[in-house]
Structures are given as C-alpha cells and as structure tokens.
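One structure is given below, encoded as structure tokens.
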Amino acid sequence: MDKQAMFRYGKKSPRELADLGLYKSALAAALFDGDREGQAYVLDRFNEKSGAGLADANGLVRVLGIIPSWDEISTVRYV
C-alpha cells in the first residue's frame with residue numbers, strides 16, 4: 001500500500017479490505033497475521049466476484065503476485 005492508502009485503510013481487517021474489493025491488500029494482511037480464516041474469506045470473496053474458482057489461498061497468492069517473505073523484511077518505508 002502507498003502512504004495514502006495506508007492512512008485510509010491501515011486499521012481495517014482483512015475481511016473489511018476484501019469487502020471493499022482490495023483483495024491483494026486483504027490477502028497480504030491475512031498472510032502476515034497468519035489468519036487462515038481471513039485467507040479463506042478473501043479467497044471466497046475473490047472467487048465470488050471474479051468467477052475464478054481458485055481452490056486455495058496459494059493460487060490466489062500467485063494470481064495477485066504476492067511474495068510472502070515476511071522474515072526477510074527488515075525495514076518498511078512509506079512511498
């Protein structure tokens with residue numbers, strides 16, 4: 001997320017982000033938190049809206065281009 005989006009949506013849960021249609025941010029937040037139920041919710045909402053029929057969150061990770069390597073991140077900067 002950029003700085004403006006972080007200010008606007010930073011306090012929202014993965015479910016709230018998915019309901020707003022921000023699937024990439026929602027899935028990234030659920031992955032970062034280790035929230036399996038949140039990941040499933042985002043996947044269900046994405047499949048419902050897109051008709052993609054993805055089987056699991058790993059497929060959605062590939063579709064959205066998320067690289068979940070949180071252990072390698074040492075610094076976060078606002079753009």
Inset, instruction - Take region 45-69 and flag every residue that is surrounded by 15 or more Cβ atoms within 10 Å (Cβ to Cβ), more than 11 Å from the chain's Cα centre (by Cα) and in a loop (DSSP other than H, G, I, E, B). - result: 54
Legend entry - Scan of region 16-31 for residues that are over 9 Å from the mean Cα position of the chain (by Cα) and at negative phi, ordered by number: 16, 19, 20
Inset, instruction - Starting from residues that are touching a helix residue (DSSP H, G or I) at 6+ places or on another chain (Cβ under 6 Å) and under 11 Å from residue 60 (Cα atoms), keep the ones in region 21-38 and report whichever is surrounded by the most Cβ atoms within 10 Å (Cβ to Cβ). - result: 27
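None of the figures in this text is laboratory data; all of them are computed from the coordinates on show. Since the model is a prediction, treat every value here as computed from it, not as a measurement. Glycine also receives a Cβ, built like all others from the backbone with ideal geometry; neighbour counts cover every protein chain displayed.
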